[in-house]
Ligand SMILES: NC(=O)c1ccc[n+]([C@@H]2O[C@H](COP(=O)([O-])OP(=O)(O)OC[C@H]3O[C@@H](n4cnc5c(N)ncnc54)[C@H](OP(=O)(O)O)[C@@H]3O)[C@@H](O)[C@H]2O)c1
């Protein structure tokens with residue numbers, strides 16, 4: 001392995017607003033050797049999710065941002081290429097938070113825990129990075145545990161063609177609700193309407209969202225599944241129905257700003273409409289993952305649930321992958337395949 005190097009992305013500077021490739025630096029180091037009780041894994045794919053932006057901004061849920069000069073955070077999958085650990089053998093497929101690098105050493109717990117994975121029939125192994133992983137659980141728990149849909153409810157979903165959003169849209173329809181999607185380009189809007197069969201789709205970049213909501217749901221929104229925060233959240237609050245449930249899942253429109261997050265001015269509608277607005281953090285719902293993934297797996301197997309993977313290739317494209325999810329260029333889950 002001596003002439004093979006380990007490509008790793010370090011954080012060079014913190015972005016003031018929109019992240020750029022210049023905020024990172026690609027370095028090539030020696031591939032690390034696993035010590036006694038350790039495993040060397042080769043990263044196969046990393047998943048790009050919008051909150052990664054907070055790792056070089058506000059710090060996210062922990063408040064800890066990646067230090068300058070340190071390797072960028074990230075989660076993905078790999079294959080064990082050397083093992084000096086009794087629980088792992090060469091060729092095992094694994095998942096973990098190995099960071100933006102091609103090779104990583106861990107003892108299975110530190111510096112990051114590893115989980116063994118295997119492909120499910122009829123799905124790529126990368127499905128564990130979205131529909132059979134965090135995005136799937138987030139869509140399922142956010143909809144069924146937080147929003148609790150009833151047949152006939154009107155559900156509004158933002159970032160509706162995204163990794164989480166597209167699953168929420170489909171689960172909402174399967175649950176007998178009328179689903180309205182918001183997305184940022186024509187290709188996504190067409191797919192939501194033609195392929196997923198949503199009753200209405202709003203392109204927030206070319207249409208007036210408030211006007212369109214008054215037009216397509218004059219009696220109000222029963223559930224708003226919010227993936228983006230900011231102005232769209234505010235506009236949705238202006239059109240809620242009595243007893244509405246607003247699920248705060250994410251705020252992608254705000255992650256590029258390190259201060260002065262947009263606060264909704266229509267929040268008092270929660271009082272007039274006796275509505276609730278609740279956030280949730282998916283890793284507090286680990287006990288629900290098994291049911292969520294079993295149900296999502298059944299729906300996929302029966303041809304009732306679809307998902308898109310948007311794949312870039314090569315370690316050099318990791319920053320580009322992050323930029324794509326923050327600018328809306330991704331169509332489905334953004335993956336970067338390393339090997
Ligand atoms: N609560 C939890 O535990 C939890 C767990 C996982 C994910 N999440 C959240 O779920 C959300 C979706 O994540 P994902 O992985 O499924 O990402 P995604 O939807 O696949 O990708 C992000 C999408 O956000 C939209 N977007 C970007 N900038 C925007 C802006 N300024 N205004 C409006 N929309 C914008 C873009 O779609 P358009 O082209 O349509 O604009 C982009 O494609 C994120 O906010 C994430 O933080 C929360």
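Some notes on this structure:
- Single residue of 286, 292, 320 found to be within 19 Å of the chain's Cα centre (by Cα) and buried (at least 20 other Cβ atoms within 10 Å of the Cβ): 292
- Selection count, segment 1-22, where residues are part of a loop (DSSP other than H, G, I, E, B) and more than 22 Å from the chain's Cα centre (by Cα): 7
- Residue ranges of strands (runs of 3 or more DSSP E) in segment 124-203 with at least 2 members free of Cβ contacts under 8 Å to residues at least 40 places away in the same chain: 178-183, 200-203
- Subset of segment 64-82 (residues that are farther than 18 Å from residue 256 by Cβ and modelled with pLDDT under 95): 64
- Yes/no for residue 267 being within 17 Å of residue 164 (Cα to Cα) and either in contact (Cβ under 8 Å) with a residue 24 or more places away in the chain or loosely packed, with under 13 Cβ neighbours inside 10 Å (or both): no
- Any hit, segment 116-125, residues being touching a strand residue (DSSP E or B) at 6+ places or on another chain (Cβ under 7 Å) and within 15 Å of the ligand (Cβ to nearest atom): no
The values are calculated or read from the model by the stated rules, or taken from the named source; none is laboratory data. Predicted model, so just to flag it, every value in this text is computed and none were measured. Glycine gets a Cβ as well: all are built from the backbone with ideal geometry, and neighbour counts include every protein chain shown.
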